[in-house]
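Participant: Structure incoming, see below.
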Amino acid sequence: MIETNVKETFLDLFYHDIENLELDKSNKLNLFTLKVRNNSFVYDELVRLLSNQLYHFALSRTEVQKLKDVEEYATLVDKAKEKLRIYSANEGELGEILLYCLLESHLGAPKILTKLEIKTSNNDYVKGADGVHLLKLTDTDYQLILGESKLNSDLQKGIYEAFGSLSKLLKENKKLDFEIGLINSQLVKEAFDKNLYDFLKKVIIPSAKEDEINTDYSFGIFLGFNIEITDEELNKPNSEFRKHIRNKIQQQVQNITDSINFQIKKSEFTGYNFHVYVVPFTNLSENRKDIIKQMT
């Protein structure tokens, strides 16, 4: 089994304000709120943390290992940065990176492939799942998690967009087949030896004849949204502001669980599991670009 690169310590930068909230059909939602200092989210620490994970996200395991073996660490970082789109036109890659980090650090599901890996330049736009992760449930049962991230100031609209993209993926059968074919074709980049390669092939495309491994598809959803903060709130004492804003965010997320459940219960999603992650931002339209700018 492939190991995760993003360790559990990644989560130390966040308050886990809603933990494994039960959604319909045994699905779960987690709310992670960035640490607050002096009445502001610590975006500087987030930039540093994400920058340290960028090359694992943007490059294949074999490419990372080859560059490490020859100690070309500057090249490693530069290659990863080159994959990101120009920050002024970058609307969604922050969500993709955060989803990758949360699926690895919180769920313990290592990356198989990210959309960024197969880009040949930072201007490329690659359709399909944002990333693919593998979750081990038992020695014989696995989930192949297809990622979908949405950054929308309006959380309600973000939910609609995310599930709409997944619905389209499932309704157009060739798209899902293409995703699995793409994963299969990229496996050699993630396996260091033949044993691991053979294992991954067996998990991703299991044989019903052998009946040894069962793999189901599931979805990892990242929802980034904007939390409005008034001048009156900003002027609260630090401890009071911290408690107030976390409660406000929790309430806002709890208010939209019915919308998520409504989507989950749609007929096309019968039999699929969802791992939903929610992270709030202030001034989302500006900060999502500024974070990428600082990373690159």
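Participant: How many residues, within segment 81-140, are at pLDDT 65 or above and of a type in the set (S, T, N, Q)?
Facilitator: Within segment 81-140, residues that are at pLDDT 65 or above and of a type in the set (S, T, N, Q) number 4.
Participant: Could you check segment 244-269 and list, in sequence order, the residues that are among the hydroxyl-bearing types (Ser, Thr, Tyr) and either modelled with pLDDT of 95 or more or touching a Leu at 6+ places or on another chain (Cβ under 9 Å) (or both)?
Facilitator: Answer for segment 244-269, where residues must be among the hydroxyl-bearing types (Ser, Thr, Tyr) and either modelled with pLDDT of 95 or more or touching a Leu at 6+ places or on another chain (Cβ under 9 Å) (or both): THR257, SER259.
Participant: Now, a different point. Please pick out the residue among LEU135, LEU146 that is surrounded by fewer than 22 Cβ atoms within 10 Å (Cβ to Cβ) and either touching a Gly at 6+ places or on another chain (Cβ under 9 Å) or closer than 28 Å to LEU59 by Cβ (or both).
Facilitator: Going through LEU135, LEU146 in turn, just one is surrounded by fewer than 22 Cβ atoms within 10 Å (Cβ to Cβ) and either touching a Gly at 6+ places or on another chain (Cβ under 9 Å) or closer than 28 Å to LEU59 by Cβ (or both): LEU135.
Participant: Ok, one more. With the structure loaded, tell me whether ASP154 is over 15 Å from the mean Cα position of the chain (by Cα), among the charged types (D, E, K, R), farther than 29 Å from VAL64 by Cβ and modelled with pLDDT of 90 or more or whether it fails that test.
Facilitator: Here the answer is yes, as ASP154 does meet what is asked.
Participant: Could I ask something else about it? Of all residues being hydroxyl-bearing (Ser, Thr, Tyr) and touching a residue at least 60 places away in the same chain (Cβ under 8 Å) in segment 10-64, which is farthest from PHE219 (Cα to Cα)? Just the residue, please.
Facilitator: So the residue we want is SER40.
Participant: Moving on to the next point. How do the pairs read when you match residues in segment 232-246 that are under 13 Å from ARG37 (Cβ atoms) with residues anywhere that are in a helix (DSSP H, G or I) and of a type outside the set (S, T, N, Q), using Cβ under 8 Å and keeping only pairs 6 or more apart or on different chains?
Facilitator: PHE241/GLU233; PHE241/LEU234; ILE245/GLU233
Participant: I'm checking my understanding of the structure. Among residues of segment 21-44 that are within 22 Å of ILE227 (Cβ to Cβ), among the polar types (S, T, N, Q) and over 16 Å from the mean Cα position of the chain (by Cα), which one is surrounded by the fewest Cβ atoms within 10 Å (Cβ to Cβ)?
Facilitator: Ranking the candidates gives ASN38 first.
Participant: Is segment 89-96 home to any residue that is without any contact (Cβ under 8 Å) to a residue 40 or more places away in the chain and of a type outside the set (Gly, Ala, Ser)?
Facilitator: no
Participant: Next question. Within segment 256-269, identify whether any single residue is of a type in the set (Phe, Trp, Tyr) and farther than 15 Å from PHE163 by Cα, and answer yes or no.
Facilitator: no
Participant: Is it the case that ILE213 is without any contact (Cβ under 8 Å) to a residue 40 or more places away in the chain, farther than 27 Å from LEU98 by Cα and of a type in the set (Val, Ile, Thr)?
Facilitator: No, not satisfied.
Participant: Which condition number in (1) more than 21 Å from the chain's Cα centre (by Cα); (2) at pLDDT 90 or above; (3) surrounded by fewer than 14 Cβ atoms within 10 Å (Cβ to Cβ); (4) assigned to a helix (DSSP H, G or I) is the one that LYS174 fails?
Facilitator: Status for LYS174: all satisfied but (2).
The values are calculated or read from the model by the stated rules, or taken from the named source; none is laboratory data. This structure is a prediction, so every number in the text was calculated from the model and none was measured. When we count neighbours, we look across all protein chains shown, and the Cβ atoms used for this are built from the backbone with ideal geometry, even at glycine.
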